[in-house]
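J.: Structure provided below as structure tokens; questions to follow.
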Amino acid sequence: MPSLTRVEATARGAAITVESYQVDLNLTAGGDLFRSRVEIRFRATAGAATFVEVRPVTLHGVRLNDRDLDPGLHTDNRLPLDGLAEENTLVVEADMAYSKTGEGMHRFDPADGETYLYATSFLDNAQRIFAAFDQPDLKAPITLSVTAPSQWIVAGNAELAANPAPGRWEFAPSEPLATYFFSLIAGPYHVRRAEHDGVPLGIYCRRSLAEHLDADADEIFDVTRQCLDRFHQLFTERYPFGKYDQAFVPEFNAGAMENPGIVTFRDDYVFRSAVTDTEREQRATTIAHEMAHMWFGDLVTMRWWDDLWLNESFAEYLGTRVTAEANRFDQAWTTFAMRRKAWGYAADQRPSTHPIAPPEVVDAEAGLLNFDGISYAKGASVLRQLVAWLGDEAFLAGLNAHFAAHRFGNATLADLLASLSASSGRDLSDWAELWLRRPQVNTLRAEVAVDADGRYSEVAVVQTAPESYPVLRPHRIGVGRYSMDGSARRDEVDIDPNADGGRTVLGALTGEPAARLLLLNDGDLTFAKVRLDPASADAVPQVLPALTDPLARAVLWREALDATTDGERPVTGLVDLMAAALPAETEVIIAEDVLTLSRSLVDRYLDPLTRSAALARVAGTCQRLLDGAPAGQSLQLAAARGWIAATTDADLLVGWLAGRDVPAGLKVDAELRWAVLRRLVVLGAAGEAEIAIEAAADNSSTGAERAAHCRAALHDPEVKQATWEIIVRDTALSGRLLEAIAEGFWQPEQADLTAGYVDRYFAEMPAAAHLRTPWTADRVAALAFPRYAVAQSTREAAAALLARDDLTPGLRRVVTDADDDLRRALVARTAVAAASA
Ligand SMILES: [Zn+2]
């Protein structure tokens, strides 16, 4: 199936203007198909030719103006249109297929026999629902009508205009939309409604989750109202799409999708078990992120996918900022520093890195590859840096001018830079070149000299860049000076990219009393790796637990994790630091992410024997954190999860399932039970019988995913064989179930059992990648990669695969990145072996 190229989109964008879509869907047939009829009005140069995209099962009729076109002319996903008039009407009627991959019209059939539908048109999937000129810069109002079972709820991008008969919904014309924003939900959804500042609000979920949504409805509506108010303070343009519905839908691929007027979220955000405050914060940040898109992305849309960052970096920046400023989650920037930036730094140091704003994305499918830590987290960090440099007032004035100039239209990076330059009076071209057009990350290293009186004789920041991308950048950063008891002074300084040898001397600190610990990028304003001077590094275990600012602790933890990831320090040193500092941690996101990020290093960077000893220490640290955590609070749950994942004490785990010796205040509910069972399966202390009992007790779609993950992890050669067949061949399961299975397959404890599948991955994954849509294929390929087979032979197999010319772009990216992780793991293992020799 050809993906629309930038060249084709540019030509078509110049040739036609779309005036409106009238979309009529009939969802009553049952079975695997629905009926779609679209009437598109568009203008063109008389006599010109173009094409429209559609992916039907059966094309029933095509009529262009007064001519019937031959449906047989349809090839792949394209229908040629020639002999265009100045004013054209195209009518396409087709039977279309429901999807199980979250793309197009997804149909979910839970065990209770009810059917739930939702439409995802992103990124070029409107054509799976109706015939469309499926590119982001051909925006037009869409008028939707739907025929569906009369007892259903149906909601679309625009307000309902009429309900002329039971089972018939007719919606008002929407504002001009890019085709990738089209959405609707249809099914026996549960709904709660509210209103705020003239905006009708709705939240939706499946009926089986109704009690859980109701329990959190106040929190979700409060967050929504607070975000809406904050955006109305920041922006002069009010929310532009009428009503604001938020639907929590099953088997959703991403976190959420910013369809104007009807945002869709993965329904894991309707919490059915106890969660930590980090998960509540993440839901709030996602709500804010999608709302930010209503302006950045939806009101003003990128012209083509090469400006994807205009959407995602801004939504990520504004989503985090508005959450921190307007909601109770005032540590959202700490979460950003710990979790989101970890994603960004990792992506930016890989061989597959790319500029935030790539000069050209060749086709839509290539655009999908850039939905990564660079377009989101690095882009947002760089915007935070831009605000530190320009000042908030000039930044917001530039954004507002940008919205005013391009409302309901499209814009490019050049348009945005023009607006920001005008508002700030600064030329941003150098800044954009260094930060947006060049990949990779700088390292800022502190060099400190102290005189006999204990005063700084010199403090310098040395900026370096990787050899492959020798680019130094301007950075505005905080420099924190911390004493043993954690008390601090913080200065803001500019790092000069043109300084001699990349070395910026901080003259203002000369003669000041030397601090116990000097922290670069304190406050986390820039995107850079940080390294401490040796004296500060020695002080970390003592000073870190005393720091009162969670963001400063997060920056310090990132430094430790990053140096370990780079193989500069052994994982065992990180485990030591965790033992020293983690039991005193009070910020749940820090405890959670230090545990999960370090765990992935422990699992891959250590040989089996060293790993066992390290895991035992991690379990001990979690136990101390658990002992000190307040009963029933987030920290207790985070510590319990960390302990479950690290312990080898099967008796105690089995006891928790039976309600024995559970810490007071800790609820061993559905999700925690699955976590315990997962660990017992890996330890060989539970099998199919226990999984079946648990699955029967949790008869939900999430329960089915958890059970599938556990089964894939079973220590049984026959089960592994059957699981592998599913991973490389199945096309019937939903994308979410496939992901759960792929994720469970490899376990560090099962190296002998799975050794034979390392080669099979490289032999069989290219064909498997062609069986599925790109999103699902890439997720499965990433999760099924033999990540614990840390050996030169695995790298050689990866190299041989990458030499082939028949790989999907997604598989090429997945294997390139996973191979780079192996490279790092091998370097780290060699360093550890050398140190202990
Ligand atoms: Zn987004």
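The values are calculated or read from the model by the stated rules, or taken from the named source; none is laboratory data. These numbers come from a predicted model, not from an experiment. Glycine gets a Cβ as well: all are built from the backbone with ideal geometry, and neighbour counts include every protein chain shown. Please note that ligands, DNA and RNA were not included when accessible areas were found on the heavy atoms of the full protein model with its side chains. Shrake-Rupley method; radii C 1.70, N 1.55, O 1.52, S 1.80 Å.
J.: Can you tell me which condition residue 105 does not meet? The list is (1) open to solvent by 10 Å² or more (accessible area, probe 1.4 Å); (2) assigned to a strand (DSSP E or B); (3) not charged (D, E, K, R), and all the others hold.
T.: (1)
J.: Here is a check on your reading of the model: is residue 216 charged (D, E, K, R), under 17 Å from residue 256 (Cβ atoms) and in a helix (DSSP H, G or I)? It would help to see each step written out before you state the result.
T.: Details: charged (D, E, K, R): yes; under 17 Å from residue 256 (Cβ atoms): yes; in a helix (DSSP H, G or I): yes.
So residue 216 fits the description; yes.
J.: When you go through (1) at pLDDT below 95; (2) open to solvent by 20 Å² or more (accessible area, probe 1.4 Å) one by one for residue 331, which number turns out not to apply?
T.: Among (1) at pLDDT below 95; (2) open to solvent by 20 Å² or more (accessible area, probe 1.4 Å), the lone unmet condition for residue 331 is (1).
J.: Also, I was wondering about something else. Tally the residues that are within 30 Å of residue 303 (Cβ to Cβ) and either out of contact with any strand residue (DSSP E or B) (no Cβ under 7 Å at 6 or more places or on another chain) or in a strand (DSSP E or B) (or both), restricting the search to segment 175-213.
T.: First pass over segment 175-213, keeping only residues within 30 Å of residue 303 (Cβ to Cβ): 175-185, 199.
With the extra rule that they be either out of contact with any strand residue (DSSP E or B) (no Cβ under 7 Å at 6 or more places or on another chain) or in a strand (DSSP E or B) (or both), the set shrinks to 175, 177, 180-181, 184-185, 199.
Residues flagged as within 30 Å of residue 303 (Cβ to Cβ) and either out of contact with any strand residue (DSSP E or B) (no Cβ under 7 Å at 6 or more places or on another chain) or in a strand (DSSP E or B) (or both) within segment 175-213 amount to 7.
J.: Still on this structure, please answer the following. Is it the case that segment 648-660 has a residue that's on the phi < 0 side of the Ramachandran plot, part of a helix (DSSP H, G or I) and open to solvent by 60 Å² or more (accessible area, probe 1.4 Å)? Break it down stepwise before answering.
T.: If we filter segment 648-660 for residues that are on the phi < 0 side of the Ramachandran plot, which is where we start, we get 648-658, 660.
Remaining after also requiring part of a helix (DSSP H, G or I): 650-657.
Then keep just the ones that are open to solvent by 60 Å² or more (accessible area, probe 1.4 Å); that gives 651, 654.
There is at least one residue in segment 648-660 that is on the phi < 0 side of the Ramachandran plot, part of a helix (DSSP H, G or I) and open to solvent by 60 Å² or more (accessible area, probe 1.4 Å).
J.: Another question, then. On the given criteria, is residue 162 of a type outside the set (S, T, N, Q), touching a residue at least 60 places away in the same chain (Cβ under 8 Å) and either under 18 Å from residue 265 (Cβ atoms) or open to solvent by less than 40 Å² (accessible area, probe 1.4 Å) (or both)?
T.: Details: of a type outside the set (S, T, N, Q): yes; touching a residue at least 60 places away in the same chain (Cβ under 8 Å): no; either under 18 Å from residue 265 (Cβ atoms) or open to solvent by less than 40 Å² (accessible area, probe 1.4 Å) (or both): yes.
No, not satisfied.
J.: What are the residues in segment 9-20 that are open to solvent by 40 Å² or more (accessible area, probe 1.4 Å) and farther than 12 Å from residue 137 by Cα, if any?
T.: Filtering segment 9-20 for residues open to solvent by 40 Å² or more (accessible area, probe 1.4 Å) gives 10-11, 14, 17, 19.
Scanning segment 9-20 gives a single hit, 19.
J.: So which residues in segment 626-665 are over 17 Å from residue 275 (Cα atoms), under 31 Å from the mean Cα position of the chain (by Cα) and of a type outside the set (Gly, Ala, Ser)?
T.: 647
J.: Here is a further query. Where residues in segment 128-141 are outside any loop (DSSP other than H, G, I, E, B) and out of contact with any helix residue (DSSP H, G or I) (no Cβ under 8 Å at 6 or more places or on another chain), which of them is nearest to residue 241 (Cα to Cα)? Even if it seems obvious, please write down each step before you answer.
T.: Here is the first cut: in segment 128-141, the ones outside any loop (DSSP other than H, G, I, E, B) are 128, 132, 140.
Still in the running and out of contact with any helix residue (DSSP H, G or I) (no Cβ under 8 Å at 6 or more places or on another chain): 128, 140.
Details: 128: 24, 140: 14 Å.
For segment 128-141, the residue satisfying everything is 140.
J.: Residue 445: in contact (Cβ under 8 Å) with a residue 40 or more places away in the chain, in contact with a Pro (Cβ under 8 Å, 6 or more places away or on another chain) and open to solvent by 60 Å² or more (accessible area, probe 1.4 Å), yes or no?
T.: Working: in contact (Cβ under 8 Å) with a residue 40 or more places away in the chain: yes; in contact with a Pro (Cβ under 8 Å, 6 or more places away or on another chain): no; open to solvent by 60 Å² or more (accessible area, probe 1.4 Å): yes.
Against the criterion (in contact (Cβ under 8 Å) with a residue 40 or more places away in the chain, in contact with a Pro (Cβ under 8 Å, 6 or more places away or on another chain) and open to solvent by 60 Å² or more (accessible area, probe 1.4 Å)), residue 445 does not qualify.
J.: Among the residues of segment 364-379, which ones are in a loop (DSSP other than H, G, I, E, B) and within 12 Å of the ligand (Cβ to nearest atom)?
T.: The initial filter retains those residues of segment 364-379 that are in a loop (DSSP other than H, G, I, E, B), namely 370-373.
If the condition is that a residue be in a loop (DSSP other than H, G, I, E, B) and within 12 Å of the ligand (Cβ to nearest atom), then 371 is the only one that fits.
J.: Hey, another quick one. Count, please, the residues in segment 715-737 that happen to be part of a helix (DSSP H, G or I) and at pLDDT 95 or above.
T.: From segment 715-737, those part of a helix (DSSP H, G or I) are 717-729, 735-737; that's our starting set.
Now restrict to residues that are at pLDDT 95 or above: 717-729.
Selection size over segment 715-737: 13.
J.: Follow-up question, since we're still on this one. Every residue in segment 253-293 that is closer than 26 Å to residue 100 by Cβ, of a type in the set (Asp, Glu) and touching a residue at least 60 places away in the same chain (Cβ under 8 Å), please.
T.: Of everything in segment 253-293, those that are closer than 26 Å to residue 100 by Cβ, of a type in the set (Asp, Glu) and touching a residue at least 60 places away in the same chain (Cβ under 8 Å) turn out to be 258, 267, 268.
J.: A follow-up question, please. Right, residue 501: at positive phi, in a helix (DSSP H, G or I) and either at pLDDT 95 or above or surrounded by fewer than 22 Cβ atoms within 10 Å (Cβ to Cβ) (or both) or not? Show your work before the answer.
T.: On the way: at positive phi: yes; in a helix (DSSP H, G or I): yes; either at pLDDT 95 or above or surrounded by fewer than 22 Cβ atoms within 10 Å (Cβ to Cβ) (or both): yes.
Criteria met by residue 501.
J.: Which is on the phi < 0 side of the Ramachandran plot and open to solvent by 10 Å² or more (accessible area, probe 1.4 Å), of 338, 257, 291, 302? Talk me through it step by step, then tell me what you get.
T.: On the way: 338 fails: open to solvent by 10 Å² or more (accessible area, probe 1.4 Å); 291 fails: open to solvent by 10 Å² or more (accessible area, probe 1.4 Å); 302 fails: open to solvent by 10 Å² or more (accessible area, probe 1.4 Å).
Going through 338, 257, 291, 302 in turn, the sole match is 257.
J.: Need pairs with beta-carbon distance below 8 Å; first residue open to solvent by less than 10 Å² (accessible area, probe 1.4 Å) and within segment 673-687, second of a type outside the set (Ser, Thr, Tyr) and outside any helix (DSSP H, G or I); sequence gap 6+ or separate chains.
T.: Between residues of segment 673-687 that are open to solvent by less than 10 Å² (accessible area, probe 1.4 Å) and residues that are of a type outside the set (Ser, Thr, Tyr) and outside any helix (DSSP H, G or I), the close pairs are 674/698; 676/668; 677/686; 680/686; 681/687; 681/713; 681/714; 681/715.
J.: Mind checking which pairs have a first residue in segment 401-428 that is part of a helix (DSSP H, G or I) and a second that is of a type in the set (Val, Ile, Thr) and surrounded by fewer than 19 Cβ atoms within 10 Å (Cβ to Cβ), Cβ under 8 Å, 6 or more apart or different chains?
T.: Hits for this filter: 403/236; 404/236.
J.: How many of the residues in segment 169-196 are surrounded by 23 or more Cβ atoms within 10 Å (Cβ to Cβ) and within 16 Å of residue 118 (Cβ to Cβ)?
T.: Here the count works out to 10.
J.: Residue by residue through segment 282-314, note down the ones that are in contact with a helix residue (DSSP H, G or I) (Cβ under 6 Å, 6 or more places away or on another chain), of a type outside the set (Asp, Glu), away from the ligand (no atom under 13 Å from the Cβ) and part of a helix (DSSP H, G or I).
T.: 283, 284, 305
J.: Restricted to segment 315-331, and to residues that are of a type outside the set (D, E, K, R) and within 11 Å of residue 277 (Cβ to Cβ), which residue is nearest to the ligand (Cβ to nearest atom)?
T.: First, pick out the residues of segment 315-331 that are of a type outside the set (D, E, K, R): 315, 317-320, 322-324, 326-327, 329, 331.
Still in the list and also within 11 Å of residue 277 (Cβ to Cβ): 329, 331.
Working: 329: 18, 331: 21 Å.
This residue is 329.
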